[in-house]
Amino acid sequence: MQVSVITLFPEMFDALSDAGISGRAIKQGLLSLATVNPRDFTEDRHHSVDDRPYGGGPGMVMTVGPLSQAIDSAKTNMNVPGKPSPKVVYMSPQGKRLDQQVINELAQQDSLIVLCGRYEGIDERLIDAEVDQELSLGDYVISGGELAAMVLLDAMIRQLPDALGDSESASQDSFASRPLLDCPHYSRPEDIAGRVVPSVLLSGDHEAIRRWRLRQSLIRTRDRRPDLFAKLQLSDEECKLLDE
Ligand code: 9D3
């Protein structure tokens, strides 16, 4: 998969290419990550990428010129003859909240352009002309689209075939198959100031352990995320576990 990120802060994306699962996936060539800086397409003395909003008010707006040239440059560099032009997503507080389904759909694309806004956002006419999908992380304020884009890309990369090692396997992810919270995890030592590991996990009874973990997941989802719990289709076994 090919991804180009349009950003005024390309160095922030080193976090993605240098560390962890995303870093390994990029090094293995499962995903190519390029950044394009709209500032590189300015010709004025101050390399301006923003201007004052029509109608007045506080803050600045990212202007169409440099952004649109940056998108064109990204499209040219990603162009594969016979392949459709990449989808353009814009990370913005006005977008649809990101969820696993959107992430899985985007992870199927051959190529993608991710636009990161700064200041008050970008000129609406660029959104109208170029953007296919506007995505938000949720109802809180962050300073720009870069961290949101990194969240999206990290989550997408996990879904790419071969991105995870054997011990990480994507099918094990809660949410990958069903929106169910994870069970509690424990490692050594067995006793920490009187807090002991649940005895079933030391029993060696794999079927009992599977049932205990499933029950914990169901209880936690019901108690902590009633919104998710309401959508679950429970099997007979799961209903029984909750009744116990
Ligand atoms: C007048 C209020 N504005 C400033 C406090 C609105 C505003 C403009 C730009 C709020 C945030 C931003 C920058 N945020 C993003 O670009 C962003 C974001 C977010 O703030 N929350 C959740 N998801 C996202 S995705 C991009």
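So which helices (runs of 4 or more DSSP H) are wholly in the range 127-244 and hold at least 3 residues that are basic (Lys, Arg)? First the steps, then the outcome.
Numbers: elements: 145-159, 206-224, 226-231, 236-243.
Here the list reads 206-224.
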- Criterion violated by Arg39 - all others in (1) over 22 Å from Met150 (Cα atoms); (2) surrounded by 11 or more Cβ atoms within 10 Å (Cβ to Cβ) satisfied: (1)
- Can you run down the residue pairs with Cβ atoms below 6 Å, 6 or more apart or on separate chains, where the first is in the range 104-128 and outside the structural domain of Lys75 (by TED's automatic domain parsing) and touching a residue at least 24 places away in the same chain (Cβ under 8 Å) and the partner is among the charged types (D, E, K, R) and more than 13 Å from the ligand (Cβ to nearest atom)? none
- Query: What is the residue count in the range 85-114 for residues that are within 16 Å of the ligand (Cβ to nearest atom), in a strand (DSSP E or B) and within 19 Å of Leu30 (Cβ to Cβ)?
  - Reply: 3
- Task: Inspect all residues belonging to the range 156-167 and state whether any of them is within 14 Å of the ligand (Cβ to nearest atom), surrounded by fewer than 16 Cβ atoms within 10 Å (Cβ to Cβ) and either modelled with pLDDT of 95 or more or among the acidic types (Asp, Glu) (or both).
- Result: no
- Message: With the structure loaded, tell me whether Arg213 is among the basic types (Lys, Arg) and surrounded by 12 or more Cβ atoms within 10 Å (Cβ to Cβ) or whether it fails that test.
- Response: yes
- Query: For the subset of the range 120-154 comprising residues that are closer than 20 Å to Pro38 by Cα, near the ligand (Cβ under 7 Å from one of its atoms) and over 13 Å from the mean Cα position of the chain (by Cα), which member is surrounded by the most Cβ atoms within 10 Å (Cβ to Cβ)?
  - Reply: Gly121
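Only one residue in Gly29, Gly23 is exposed (fewer than 13 other Cβ atoms within 10 Å of the Cβ), at pLDDT 95 or above and either in a strand (DSSP E or B) or not hydrophobic (A, V, I, L, M, F, W, C) (or both). Which one?
On the way: Gly23 fails: exposed (fewer than 13 other Cβ atoms within 10 Å of the Cβ).
Just a single option satisfies the conditions, and that option is Gly29.
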- Query: Residues of the range 52-69 being of a type in the set (Gly, Ala, Ser) and more than 16 Å from the ligand (Cβ to nearest atom), which ones?
  - Reply: Gly65, Ser68
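The values are calculated or read from the model by the stated rules, or taken from the named source; none is laboratory data. Keep in mind that what you see is a predicted model, and the values were worked out from it rather than measured. Don't worry about glycine lacking a Cβ; one is built from the backbone with ideal geometry, like all the others, and counts go over all protein chains shown.
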